[in-house]
Amino acid sequence: MQFIRYRRGARSVRLGVRDAGGVRDLRAAYERYRTLGGAPDAALAKALRQASLRALIAADARAFHEFLRAQAMQESERVPEEAVTLQAPLHDPGRVIGIGLNYRDHAREVGQEVADFPPLFAKWTNSLTGPFDPIPLPPDVTALDYEVELGIVIGRRACRVAPEEALAYVFGYTVINDVSARDRQFRTSQWLAGKIGDGFAPLGPAVTERQDLGDPLVLELKTWVNGELRQAGHTRDMVHGVAALVSGLSELLTLEPGDLIASGTPAGVGMSAKPPRYLRSGDLVRMEITGLGAIENRVL
Ligand code: MG
(Lines give C-alpha, C1' and ligand atoms only; values in the text may rest on other atoms or scores of the structure.)
Protein backbone atom coordinates (compact mmCIF):
# COMPACT_ATOMS: atom_id res chain seq x y z
CA MET A 1 0.00 0.00 0.00
CA GLN A 2 1.00 3.59 -0.52
CA PHE A 3 0.41 5.73 2.56
CA ILE A 4 -0.25 9.43 2.07
CA ARG A 5 -1.18 12.45 4.14
CA TYR A 6 -3.58 14.84 2.49
CA ARG A 7 -5.62 17.94 3.01
CA ARG A 8 -9.05 18.33 1.50
CA GLY A 9 -10.03 21.97 1.18
CA ALA A 10 -9.95 23.71 4.54
CA ARG A 11 -10.30 20.46 6.50
CA SER A 12 -7.56 19.13 8.72
CA VAL A 13 -4.87 16.80 7.38
CA ARG A 14 -5.83 13.11 7.17
CA LEU A 15 -4.01 9.84 6.62
CA GLY A 16 -4.95 7.81 3.57
CA VAL A 17 -3.81 5.09 1.25
CA ARG A 18 -3.68 5.43 -2.49
CA ASP A 19 -3.98 2.78 -5.16
CA ALA A 20 -5.39 2.37 -8.65
CA GLY A 21 -8.88 2.66 -7.14
CA GLY A 22 -8.18 6.13 -5.76
CA VAL A 23 -7.62 7.69 -2.34
CA ARG A 24 -9.00 5.92 0.73
CA ASP A 25 -9.52 7.84 3.95
CA LEU A 26 -8.16 5.81 6.85
CA ARG A 27 -10.46 7.25 9.53
CA ALA A 28 -13.48 6.17 7.50
CA ALA A 29 -11.82 2.79 6.86
CA TYR A 30 -11.22 2.36 10.60
CA GLU A 31 -14.88 3.12 11.32
CA ARG A 32 -15.90 0.40 8.90
CA TYR A 33 -13.30 -1.97 10.36
CA ARG A 34 -14.91 -1.44 13.77
CA THR A 35 -18.42 -1.86 12.35
CA LEU A 36 -17.35 -5.23 10.93
CA GLY A 37 -16.13 -6.38 14.34
CA GLY A 38 -12.50 -5.25 14.31
CA ALA A 39 -11.09 -4.80 17.81
CA PRO A 40 -10.69 -1.22 19.06
CA ASP A 41 -7.10 0.02 18.96
CA ALA A 42 -6.48 3.18 20.98
CA ALA A 43 -2.99 3.81 19.57
CA LEU A 44 -4.23 3.41 15.99
CA ALA A 45 -7.25 5.65 16.59
CA LYS A 46 -4.96 8.33 18.05
CA ALA A 47 -2.55 8.06 15.11
CA LEU A 48 -5.46 8.55 12.69
CA ARG A 49 -6.76 11.55 14.66
CA GLN A 50 -3.27 13.08 14.62
CA ALA A 51 -2.74 12.14 10.96
CA SER A 52 0.69 10.83 11.97
CA LEU A 53 2.22 8.08 9.86
CA ARG A 54 4.97 7.73 12.48
CA ALA A 55 2.32 7.00 15.13
CA LEU A 56 0.48 4.66 12.76
CA ILE A 57 3.66 2.67 12.14
CA ALA A 58 4.42 2.59 15.87
CA ALA A 59 0.87 1.34 16.60
CA ASP A 60 1.74 -1.79 14.59
CA ALA A 61 -1.96 -2.42 13.90
CA ARG A 62 -1.58 -5.62 11.91
CA ALA A 63 -5.25 -6.60 11.93
CA PHE A 64 -6.20 -3.20 10.49
CA HIS A 65 -3.50 -3.47 7.83
CA GLU A 66 -4.85 -6.88 6.87
CA PHE A 67 -8.34 -5.43 6.70
CA LEU A 68 -7.12 -2.69 4.36
CA ARG A 69 -5.46 -5.23 2.10
CA ALA A 70 -8.34 -7.70 2.10
CA GLN A 71 -11.37 -5.38 1.97
CA ALA A 72 -11.90 -3.29 -1.12
CA MET A 73 -12.53 0.42 -0.64
CA GLN A 74 -16.18 1.35 -0.09
CA GLU A 75 -17.72 4.60 -1.34
CA SER A 76 -17.88 5.92 2.25
CA GLU A 77 -14.04 5.74 2.39
CA ARG A 78 -13.34 7.25 -1.01
CA VAL A 79 -11.92 10.76 -1.30
CA PRO A 80 -12.18 12.53 -4.67
CA GLU A 81 -8.58 12.70 -5.92
CA GLU A 82 -9.04 16.13 -7.48
CA ALA A 83 -9.96 17.47 -4.02
CA VAL A 84 -6.76 16.20 -2.41
CA THR A 85 -3.64 18.26 -1.70
CA LEU A 86 -0.82 15.91 -0.79
CA GLN A 87 1.27 16.71 2.30
CA ALA A 88 4.58 15.21 3.35
CA PRO A 89 3.57 11.58 4.00
CA LEU A 90 5.74 11.60 7.12
CA HIS A 91 5.89 14.90 9.02
CA ASP A 92 7.01 13.98 12.53
CA PRO A 93 9.77 11.35 12.42
CA GLY A 94 11.91 11.19 15.52
CA ARG A 95 14.98 11.47 13.30
CA VAL A 96 15.97 12.24 9.76
CA ILE A 97 19.42 10.73 9.17
CA GLY A 98 21.40 11.74 6.09
CA ILE A 99 24.00 9.50 4.47
CA GLY A 100 26.81 11.13 2.51
CA LEU A 101 28.80 9.84 -0.48
CA ASN A 102 26.84 6.62 -0.85
CA TYR A 103 26.93 6.32 -4.64
CA ARG A 104 30.21 5.56 -6.37
CA ASP A 105 29.50 7.87 -9.33
CA HIS A 106 28.59 10.77 -7.03
CA ALA A 107 31.66 10.31 -4.83
CA ARG A 108 33.78 10.36 -8.00
CA GLU A 109 32.15 13.53 -9.36
CA VAL A 110 32.87 15.41 -6.14
CA GLY A 111 36.41 13.99 -5.89
CA GLN A 112 35.87 11.98 -2.71
CA GLU A 113 36.84 8.44 -1.80
CA VAL A 114 34.08 6.03 -0.79
CA ALA A 115 34.70 4.68 2.68
CA ASP A 116 33.76 1.85 5.00
CA PHE A 117 31.84 4.37 7.09
CA PRO A 118 29.87 7.01 5.16
CA PRO A 119 29.58 10.56 6.50
CA LEU A 120 26.40 11.00 8.54
CA PHE A 121 24.43 14.15 9.12
CA ALA A 122 20.96 15.13 10.29
CA LYS A 123 17.99 17.07 9.11
CA TRP A 124 15.08 18.06 11.35
CA THR A 125 11.35 18.15 10.81
CA ASN A 126 11.42 21.85 9.86
CA SER A 127 12.97 20.71 6.58
CA LEU A 128 10.20 18.25 5.71
CA THR A 129 7.72 19.58 3.21
CA GLY A 130 5.12 18.24 0.81
CA PRO A 131 5.75 16.55 -2.53
CA PHE A 132 4.52 19.58 -4.48
CA ASP A 133 5.37 22.38 -2.05
CA PRO A 134 7.83 25.14 -2.91
CA ILE A 135 11.49 25.01 -1.88
CA PRO A 136 12.37 28.29 -0.17
CA LEU A 137 15.56 29.95 -1.41
CA PRO A 138 17.07 31.79 1.59
CA PRO A 139 18.24 35.31 0.67
CA ASP A 140 21.90 34.66 1.57
CA VAL A 141 22.19 31.35 -0.31
CA THR A 142 23.90 31.44 -3.71
CA ALA A 143 24.53 27.70 -4.19
CA LEU A 144 21.23 25.87 -3.68
CA ASP A 145 21.42 22.27 -4.93
CA TYR A 146 19.23 19.19 -5.33
CA GLU A 147 19.87 15.53 -4.42
CA VAL A 148 17.37 12.79 -5.31
CA GLU A 149 17.46 10.03 -2.70
CA LEU A 150 15.71 6.86 -1.69
CA GLY A 151 14.07 7.58 1.67
CA ILE A 152 13.96 4.59 4.01
CA VAL A 153 11.25 4.58 6.71
CA ILE A 154 11.91 2.37 9.72
CA GLY A 155 9.05 0.04 10.72
CA ARG A 156 10.08 -1.24 14.13
CA ARG A 157 12.64 -0.66 16.84
CA ALA A 158 16.06 -1.73 15.58
CA CYS A 159 19.05 -2.14 17.89
CA ARG A 160 22.17 -3.97 16.65
CA VAL A 161 20.37 -5.70 13.84
CA ALA A 162 22.33 -8.01 11.54
CA PRO A 163 22.43 -7.05 7.84
CA GLU A 164 20.62 -10.21 6.79
CA GLU A 165 17.70 -9.30 9.07
CA ALA A 166 17.72 -5.56 8.54
CA LEU A 167 15.20 -5.28 5.69
CA ALA A 168 12.49 -6.72 7.97
CA TYR A 169 12.87 -3.54 10.07
CA VAL A 170 11.95 -1.30 7.13
CA PHE A 171 8.35 -0.12 6.85
CA GLY A 172 8.64 1.42 3.43
CA TYR A 173 10.27 3.82 1.01
CA THR A 174 9.73 7.28 -0.39
CA VAL A 175 11.36 9.92 -2.59
CA ILE A 176 13.28 12.65 -0.76
CA ASN A 177 15.11 15.68 -2.09
CA ASP A 178 18.09 16.34 0.21
CA VAL A 179 18.19 20.02 -0.68
CA SER A 180 21.63 21.40 0.14
CA ALA A 181 22.96 24.95 0.31
CA ARG A 182 26.55 24.26 -0.77
CA ASP A 183 27.83 27.67 0.35
CA ARG A 184 26.62 26.95 3.90
CA GLN A 185 27.56 23.25 3.72
CA PHE A 186 31.28 23.70 3.13
CA ARG A 187 32.01 26.59 5.47
CA THR A 188 33.23 24.00 7.97
CA SER A 189 34.05 20.28 7.98
CA GLN A 190 30.52 19.54 9.25
CA TRP A 191 27.86 19.65 6.51
CA LEU A 192 24.94 20.31 8.81
CA ALA A 193 24.55 24.05 8.19
CA GLY A 194 23.83 23.42 4.52
CA LYS A 195 21.26 20.71 5.13
CA ILE A 196 18.87 22.05 7.78
CA GLY A 197 17.07 24.92 6.06
CA ASP A 198 13.29 25.23 6.29
CA GLY A 199 11.70 23.23 3.49
CA PHE A 200 15.01 21.58 2.55
CA ALA A 201 13.48 18.08 2.38
CA PRO A 202 10.52 17.71 0.02
CA LEU A 203 9.14 14.22 0.53
CA GLY A 204 6.62 11.90 -1.05
CA PRO A 205 4.33 11.57 -2.83
CA ALA A 206 3.64 8.52 -0.61
CA VAL A 207 5.40 6.03 1.64
CA THR A 208 5.22 2.73 -0.23
CA GLU A 209 5.30 -0.38 1.91
CA ARG A 210 8.41 -2.53 1.64
CA GLN A 211 6.54 -5.63 0.49
CA ASP A 212 4.98 -3.67 -2.38
CA LEU A 213 8.29 -2.37 -3.70
CA GLY A 214 10.37 -5.54 -3.56
CA ASP A 215 14.15 -5.31 -3.95
CA PRO A 216 15.24 -1.73 -3.12
CA LEU A 217 18.50 -2.15 -5.05
CA VAL A 218 16.95 -2.27 -8.55
CA LEU A 219 15.51 1.25 -8.67
CA GLU A 220 16.21 4.14 -11.01
CA LEU A 221 16.42 7.62 -9.48
CA LYS A 222 16.01 10.67 -11.70
CA THR A 223 16.02 14.43 -11.37
CA TRP A 224 14.89 16.96 -13.94
CA VAL A 225 15.36 20.71 -13.57
CA ASN A 226 12.99 22.69 -15.79
CA GLY A 227 12.48 19.51 -17.84
CA GLU A 228 16.20 18.81 -18.36
CA LEU A 229 17.42 15.46 -17.03
CA ARG A 230 20.22 16.10 -14.51
CA GLN A 231 20.43 12.92 -12.44
CA ALA A 232 19.87 9.38 -13.73
CA GLY A 233 21.18 6.96 -11.11
CA HIS A 234 20.49 3.44 -9.96
CA THR A 235 20.33 2.04 -6.44
CA ARG A 236 22.60 -0.86 -7.47
CA ASP A 237 25.40 1.74 -7.41
CA MET A 238 24.96 2.34 -3.69
CA VAL A 239 28.16 1.79 -1.73
CA HIS A 240 26.16 0.70 1.32
CA GLY A 241 22.84 -0.90 0.40
CA VAL A 242 19.61 -0.51 2.35
CA ALA A 243 20.24 -3.52 4.63
CA ALA A 244 23.79 -2.39 5.36
CA LEU A 245 22.63 1.14 6.20
CA VAL A 246 19.88 0.00 8.56
CA SER A 247 22.18 -2.53 10.20
CA GLY A 248 25.09 -0.09 10.47
CA LEU A 249 22.96 2.74 11.91
CA SER A 250 21.36 0.32 14.39
CA GLU A 251 24.85 -0.26 15.78
CA LEU A 252 25.18 3.47 16.48
CA LEU A 253 21.75 4.14 17.97
CA THR A 254 18.39 2.48 18.43
CA LEU A 255 16.25 3.22 15.40
CA GLU A 256 12.57 3.79 16.12
CA PRO A 257 9.40 3.38 14.01
CA GLY A 258 9.06 6.31 11.64
CA ASP A 259 12.74 7.23 11.61
CA LEU A 260 13.71 8.37 8.13
CA ILE A 261 17.02 7.71 6.38
CA ALA A 262 18.02 9.76 3.32
CA SER A 263 20.29 7.16 1.74
CA GLY A 264 22.50 9.31 -0.47
CA THR A 265 22.38 10.68 -3.99
CA PRO A 266 23.77 9.53 -7.35
CA ALA A 267 25.83 11.71 -9.71
CA GLY A 268 24.52 14.78 -11.45
CA VAL A 269 24.14 17.35 -8.68
CA GLY A 270 24.46 21.00 -9.66
CA MET A 271 27.70 21.42 -7.70
CA SER A 272 29.58 18.98 -9.93
CA ALA A 273 28.67 20.56 -13.27
CA LYS A 274 31.41 22.66 -14.87
CA PRO A 275 30.63 25.43 -14.22
CA PRO A 276 28.26 24.58 -11.32
CA ARG A 277 24.56 24.88 -12.06
CA TYR A 278 22.74 25.89 -8.92
CA LEU A 279 19.02 26.32 -8.47
CA ARG A 280 17.48 29.71 -9.03
CA SER A 281 14.19 31.21 -8.04
CA GLY A 282 11.48 29.86 -10.35
CA ASP A 283 13.25 26.60 -11.21
CA LEU A 284 11.07 23.47 -11.19
CA VAL A 285 12.71 20.34 -9.72
CA ARG A 286 11.12 16.98 -10.52
CA MET A 287 12.32 13.72 -9.00
CA GLU A 288 11.18 10.19 -9.64
CA ILE A 289 12.13 6.74 -8.31
CA THR A 290 10.91 3.46 -9.78
CA GLY A 291 7.73 2.33 -8.06
CA LEU A 292 7.58 5.28 -5.66
CA GLY A 293 6.19 8.05 -7.87
CA ALA A 294 7.36 11.61 -8.41
CA ILE A 295 7.68 14.83 -6.47
CA GLU A 296 7.84 18.27 -8.08
CA ASN A 297 8.88 21.42 -6.27
CA ARG A 298 9.41 24.96 -7.44
CA VAL A 299 12.18 27.06 -5.98
CA LEU A 300 10.78 30.28 -4.56
MG1 MG B 1 22.29 13.75 0.32
Checked the range 258-276 for anything crowded, with 18+ Cβ neighbours inside 10 Å and either without any contact (Cβ under 8 Å) to a residue 40 or more places away in the chain or out of contact with any strand residue (DSSP E or B) (no Cβ under 6 Å at 6 or more places or on another chain) (or both); matches are 258, 267
Breaking point among (1) surrounded by fewer than 20 Cβ atoms within 10 Å (Cβ to Cβ); (2) in contact with an Asp or Glu (Cβ under 8 Å, 6 or more places away or on another chain); (3) touching a residue at least 40 places away in the same chain (Cβ under 8 Å); (4) among the hydrophobic types (A, V, I, L, M, F, W, C), for residue 232: (3)
Count - residues of the range 141-159 that are closer than 18 Å to residue 99 by Cα and assigned to a loop (DSSP other than H, G, I, E, B): 2
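Looking only at residues that are buried (at least 23 other Cβ atoms within 10 Å of the Cβ) and of a type in the set (Phe, Trp, Tyr) in the range 172-202, which one is farthest from residue 5 (Cα to Cα)?
200
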Of 209, 251, 288, which residue is under 25 Å from residue 87 (Cα atoms) and open to solvent by 50 Å² or more (accessible area, probe 1.4 Å)? 288
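Rundown of residues vs (1) modelled with pLDDT under 95; (2) open to solvent by 70 Å² or more (accessible area, probe 1.4 Å); (3) of a type in the set (A, V, I, L, M, F, W, C); (4) part of a strand (DSSP E or B), yes/no style:
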{"residue": "66", "(1), (2), (3), (4)": "no, yes, no, no"}
{"residue": "108", "(1), (2), (3), (4)": "yes, yes, no, no"}
{"residue": "113", "(1), (2), (3), (4)": "yes, yes, no, no"}
{"residue": "126", "(1), (2), (3), (4)": "no, no, no, no"}
{"residue": "139", "(1), (2), (3), (4)": "no, yes, no, no"}
{"residue": "161", "(1), (2), (3), (4)": "no, no, yes, no"}
So if I check each of 48, 86, 44, 90, which one is within 23 Å of residue 10 (Cα to Cα), at pLDDT 95 or above, assigned to a helix (DSSP H, G or I) and more than 16 Å from the ligand (Cβ to nearest atom)? 48
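The values are calculated or read from the model by the stated rules, or taken from the named source; none is laboratory data. If you're wondering where the values come from, they're calculated on a predicted model, not measured in any experiment. Counting neighbours? That spans all protein chains shown, and the Cβs are built from the backbone with ideal geometry, glycine included. The protein model used for the area step is the full one, side chains on, heavy atoms only, and it has no ligands, DNA or RNA in it. Shrake-Rupley method; radii C 1.70, N 1.55, O 1.52, S 1.80 Å.
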